[in-house]
Amino acid sequence: MISGIRKLPPGFGRLWTAQTISSLGDGVTHAALPLLALTLTRDPMALAVVTAAGTLPWLLFGVLGGALVDRWDRRRTMWVADTARAVLLAIPAAAAVLDVLSIPLLAAVAFLLGLGGLFFDTAATAYLPDLLRRDPALLERANSLLRGAQTATSGFAGPPAGSALLALGRAVPLLADAASFMVSALLVRTLPAMPRPVPEVRESLLRQARAGASYVFRDRVLLGLAMRPAVGNVAFLAVATVLALFAHDRLGIDTYGFGLLLTAEATGGLLGAGIASYLGRRLGTGTALTCTAAVEGLAILGLAAAPNPYVAGLALAVCGAGMGATMVLGPSLRQAIVPAHLMGRVASTSRMLAMCAAPIGAFLGGWLATAYDVRTPLYAAAGLLLTMTAVTASMTSNRRVEAALRAAASADGPDHPASKDAAQEKAPDLS
């Protein structure tokens, strides 16, 4: 999208380190919380409450949280959120030591951790384009590095570490995650301060939240970017709901093999995040997004028809690669074209739509498997993904994407990287 190679600023290294350490702690807790709950009860509904509690903040406060982030200093929001989560984790750790841990306490902790994650993630998403001066090429590289590290830590290293630490004591994984949040908070405090967006005319928080949401629905590029994870979550949760059953009944995969199956998907996600920038340069961001979405749909179709575990593992790896690339290209484009004063609300609106879609997918997968066959949710998911690809292809075409980037560069003035590139292209060569 942008010519020339620019270096990521030194501050990005600290942000990357902070988020990587925090993601490792998240992976530890995501494995430890359900296991801790399992030591207290065998009631599936009680276990589901603990799991679901972490997603509720996005459903209840997603857009309002984005509006607050757009009012606050983003760097301060990040380190305060991480500090609060570190202190919060000391409560269940102490309860575990005193043997007074309970399901309601774990559910409350999961909810508050999710609330802290809402503010941290939204603020980090809004801070990054300020740090990189909304340079599209740098944003793609930065998001590729962040996504790859997040997958490696929370997907690979964190869960087994959480299980291992739990064997040392019920409080140990919680204290480890608390330490990761404190280190992250200290690193974030060293990041360069960024000018706060020009304040809007003083409006109520609800009106500002509504303005951010309507901005997404009025802009075809942003709407197309938001539809992909929303529809994708319906499809992927439909698959995830029956994947273990499908693997066991249709492919003859045992518990160990199922873990390897999920590892194949995560490995593909790492590859996809790594090649996302290359795809964006070679195909254009709009075409690359359409191709990765199509790859996801075709891969799920291949998974549904897989005759053996090896084909299924390959299909999941290909799907993971498509998802990894999409999750770099989409957010990078959004960060490059959304005005700074709306970034928090736009990001949180898109995330909220995706989170709201997840329960629909889980219900759809369970219903289709019960009413028809365990493969049916997979075929339905593939159909949803391919239909979504066709619908959004024109919304995020290269032509629309380039127009949106030019509009953003024009609004930011001559200091925007894209404006400088355009000026250099027009300047005569006097050498």
**Q.** Protection-proxy order for peptides 384-390, 344-350, 232-238, each taking the mean of Cβ atoms within 10 Å per residue, highest first
**A.** 344-350, 232-238, 384-390
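For the chain, what does the helix formula give at 222 nm: sum of -39500 (n - 2.57) over DSSP H segments with n ≥ 4, over the residue count, nearest 500 deg cm²/dmol?
On the way: 17 runs with 346 residues, N = 431.
Rounded to the nearest 500, the figure is -27500 deg cm²/dmol.
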Q. Where nothing but the Cβ of Lys and Arg (+1) and of Asp and Glu (-1) is charged, how large is the charge dipole of the chain around its Cα centre, in debye to the nearest 20?
A. 940 debye
Q. Where does the charge balance sit around residue 381 when Lys and Arg score +1, Asp and Glu -1, over other residues with C-beta under 12 Å from its C-beta?
A. 0
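How long are the three semi-axes of the equivalent ellipsoid for region 262-363, computed from the Cα gyration tensor as the root of 5 times each eigenvalue, in whole Å, largest first?
Working: eigenvalues 144, 64, 22 Å².
Square roots of five times the eigenvalues give 27, 18, 10 Å.
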**Q.** region 93-159: translational diffusion in µm²/s, Stokes-Einstein, Kirkwood Rh over Cα pairs, 4 °C, 1.567 mPa s
**A.** 88 µm²/s
(Q) Can you find, among 311, 72, 365, the residue sitting farthest towards the positive end of the charge dipole of the chain, where Lys and Arg contribute +1 and Asp and Glu -1 at Cβ? (A) 72
Q. At a 1.4 Å probe, what is the % contribution of carbon and sulfur to the accessible area of the chain?
A. 68 percent
Q) Using the C-alpha gyration tensor of region 315-358, what are the square roots of 5 times its eigenvalues, in whole angstrom, with the largest one first? A) 24, 14, 4
(Q) Tell me the Kirkwood radius of the chain: reciprocal of the mean inverse pair distance over distinct alpha-carbon atoms, in Å. (A) 22.4 Å
(Q) How would region 151-210 be classified by its alpha-carbon gyration tensor: rounded, prolate or oblate, with rounded meaning a/c under 1.5 and the a/b versus b/c comparison settling the rest? (A) prolate
Q. Across 10 Å bins from 0, what is the distribution of all Cα-Cα pair distances for region 173-239, in whole percents?
A. 15, 20, 25, 36, 4
Q. Kirkwood Rh, Cα Rg: Rg to Rh for region 215-274?
A. 1.16
Q: Sort region 121-195 into rounded, prolate or oblate with this rule: let a ≥ b ≥ c be the square roots of the eigenvalues of the Cα gyration tensor; rounded if a/c is under 1.5, and if a/c is not under 1.5, prolate when a/b is larger than b/c, oblate otherwise.
A: oblate
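Once you have the Kirkwood Rh of region 1-121 from its Cα pairs, apply Stokes-Einstein at 4 °C and 1.567 mPa s and quote D in µm²/s.
Details: Rh = 16.2 Å.
Stokes-Einstein gives a translational diffusion coefficient of 80 µm²/s.
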Q | Sum of side-chain charges, residue 350 neighbourhood, beta-carbon under 13 Å (Lys, Arg +1; Asp, Glu -1) | A | +2
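The values are calculated or read from the model by the stated rules, or taken from the named source; none is laboratory data. Please read all numbers here as calculations on a predicted model, not as lab measurements. Counting neighbours? That spans all protein chains shown, and the Cβs are built from the backbone with ideal geometry, glycine included. Accessible surface is based on the protein model in full, side chains and every heavy atom, while ligands, DNA and RNA are left aside. Shrake-Rupley method; radii C 1.70, N 1.55, O 1.52, S 1.80 Å.
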